[in-house]
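Encoded as structure tokens, the structure appears first; notes follow it.
Every number in this text was worked out from the coordinates using simple rules, so none of it is lab data. Remember, predicted model here, so these are calculated numbers, not experimental data. Here Cβ is always computed from backbone atoms with ideal geometry, including for glycine, and neighbour counts include all displayed protein chains.
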Amino acid sequence: RSLELDLRKAIVTNEFEVYYQPIIDVKTGAVTSCEALVRWRHPERGMISPMEFIPLAEETGLIVPLGEWILRQACTEAAKWPSHVTIAVNLSPAQFKSKNLVPAVTKALVSSGLPAKRLELEITELVLIQDNESAFAILHQLRDLGIRIAMDDFGTGYSSLGYLRSFPFDKIKIDQSFIQDLPHKEESLAIVRAVVGLSSSLGIVTTAEGVETDEQLSSVTSEGCTEFQGYLFSRPQSAGDIGRTLSEQA
Ligand code: G
Ligand code: G
Ligand code: MN
Ligand code: NA
């Protein structure tokens with residue numbers, strides 16, 4: 001059977017689960033936010049990575065109902081966390097083209113009771129590349145609701161700097177490929193330094209992604225990144241586990 005048919009069925013039979021990865025304030029060491037990362041427990045194939053099924057969900061349009069489910073799930077879970085912790089949810093380009101994104105986000109906030117300021121949406125440049133006028137219009141509507149907008153995987157796309165001029169992003173997530181080269185690869189260090197400098201002049205928070213070692217953490221700390229995320233602190237955790245992690249912190 002094709003993976004596409006399985007994916008259609010999996011939405012109906014609820015084979016997905018949302019995991020949460022903590023994001024830590026570099027200065028205080030406290031968890032400030034968690035990123036929602038979807039998992040698929042396939043009845044025969046076991047865990048399937050989002051790297052495999054998200055692209056398929058995008059091609060088939062199934063990312064729209066799946067993305068709405070993830071948003072609802074993530075907001076509902078986050079509403080139970082200490083109120084200073086925010087939730088970050090990834091959005092795909094297809095969700096922007098669906099015309100239903102703003103109502104779906106609003107519904108997720110209303111049904112979960114999560115205040116808009118505790119929701120952050122992560123987008124990549126791919127969202128802005130095709131029809132960026134309508135994408136920017138949607139982003140402005142979301143931001144007007146009080147939701148924060150983060151630019152994800154920064155540095156891996158084509159024309160990130162122009163997008164920073166066109167929209168007031170709240171956060172830049174520096175792609176893990178730059179962080180994992182630190183501190184020895186000079187080019188990566190120079191790029192991280194430049195991105196942090198640029199972001200701080202624009203009043204934008206920076207998150208270093210994919211921090212796996214103490215050496216990388218001390219490097220992003222001395223470069224002035226605001227936050228970090230990565231296996232060094234924690235892998236993505238189930239809803240139950242992240243609930244316990246956060247209540248131990250509080
Ligand atoms: O842990 P990780 O393997 O979770 O995720 C792999 C890729 O899948 C990443 O690029 C991540 O952005 C993407 N991804 C994970 N969860 C979601 C989601 O809920 N929505 C979208 N659009 N992408 C996701
Ligand atoms: O594309 P996006 O940045 O949304 O997805 C984040 C991806 O990075 C997820 O697949 C997540 O599991 C993965 N990730 C998070 N922390 C680390 C890390 O420390 N090392 C590696 N290799 N991957 C990580
Ligand atoms: Mn992300
Ligand atoms: Na990223």
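Quickly estimate the mean residue ellipticity at 222 nm for the chain, helices only: each DSSP H run with n ≥ 4 gives -39500 (n - 2.57), and the total goes over all residues, rounded to 500.
Values: 12 runs with 122 residues, N = 250.
When only DSSP H runs of four or more count, the value is -14500 deg cm²/dmol.
What is the angle, in °, between the Cα long axis of helix 3-13 and the longest principal axis of the Cα atoms in the chain? Nearest 10 is fine, range 0 to 90.
80 degrees
Taking the Cβ of Ser238 as the center, what net charge do the other residues with Cβ under 11 Å away carry, scoring Lys and Arg +1 and Asp and Glu -1? Don't skip to the answer; put the middle values down first.
Details: positive: Arg39, Arg235, Arg244; negative: Glu17, Glu77, Asp241.
Spelling it out: positives minus negatives among the neighbours equals 0.
Based on the Cβ-Cβ distance of Leu198 and Thr13, what FRET efficiency does E = 1/(1 + (r/R0)^6) give at R0 = 45 Å, to the nearest 0.05?
Values: r = 46 Å, r/R0 = 1.02.
Taking R0 as 45 Å, the efficiency between Leu198 and Thr13 is 0.45.
Specify the angular offset, from 0 to 90 degrees and rounded to the nearest 10, of the alpha carbon long axis of helix 101-112 from the longest principal axis of the alpha carbons in the chain.
Result, in degrees: 90.
Treating the beta-carbon of each Lys and Arg as +1 and of each Asp and Glu as -1, no other charges, what is the dipole magnitude of the range 39-109 about its Cα centre, to the nearest 20 debye? Display every interim value, and only then the final one.
On the way: 8 positive and 6 negative charges, 45 e Å.
With Lys and Arg at +1 and Asp and Glu at -1, about 220 debye.
About the Cα centre of the range 51-173, what is the dipole size in debye to 20, counting +1 per Lys and Arg Cβ and -1 per Asp and Glu Cβ, all else neutral? Numbers along the way, then the final one.
Working: 12 positive and 14 negative charges, 110 e Å.
The dipole magnitude comes to about 520 debye.
Report, to the nearest 10°, how far helix 239-249 tilts away from the longest principal axis of the Cα atoms in the chain, using its own Cα long axis and a range of 0 to 90°.
With rounding to tens, the tilt is 40 degrees.
Output the relative contact order of the chain, whole-number percent, from Cα pairs under 8 angstrom with separation of 6+ residues.
On the way: 404 pairs, mean separation 49.1, N = 250.
Value for the chain: 20 percent.
Who wins for biggest fluctuation among Ala116, Ala190, Ala78 in a Gaussian network model of the chain, springs between alpha carbons below 10 Å?
Ala190
Within a 10 angstrom radius of the beta carbon, how do Ile11, Ile138 rank from fewest other beta carbons to most? Intermediate values should be presented prior to the final figure.
Details: Ile11 14, Ile138 21.
Final ranking by Cβ density, sparse to dense: Ile11, Ile138.
In debye to the nearest 20, how big a dipole does the chain give about its Cα centre with +1 on each Lys and Arg Cβ and -1 on each Asp and Glu Cβ?
Working: 23 positive and 33 negative charges, 181 e Å.
About 860 debye.
Decide, for the chain, between rounded, prolate and oblate: order the square roots of the alpha carbon gyration tensor eigenvalues as a ≥ b ≥ c, take rounded if a/c falls under 1.5, and otherwise choose prolate if a/b is larger than b/c, else oblate. Write out the running numbers ahead of the final one.
Details: a/c = 1.44, a/b = 1.28, b/c = 1.12.
The shape class here is rounded.
On a full-extension model of 0.36 nm per residue, what is the gain between Leu56 and Ile129, subtracting their alpha-carbon distance, rounded to one decimal in nm? Walk me through the intermediate numbers first.
Details: separation 73, 0.36 × 73 = 26.28 nm, distance 1.96 nm.
Result for the pair: 24.3 nm of gain on full extension.
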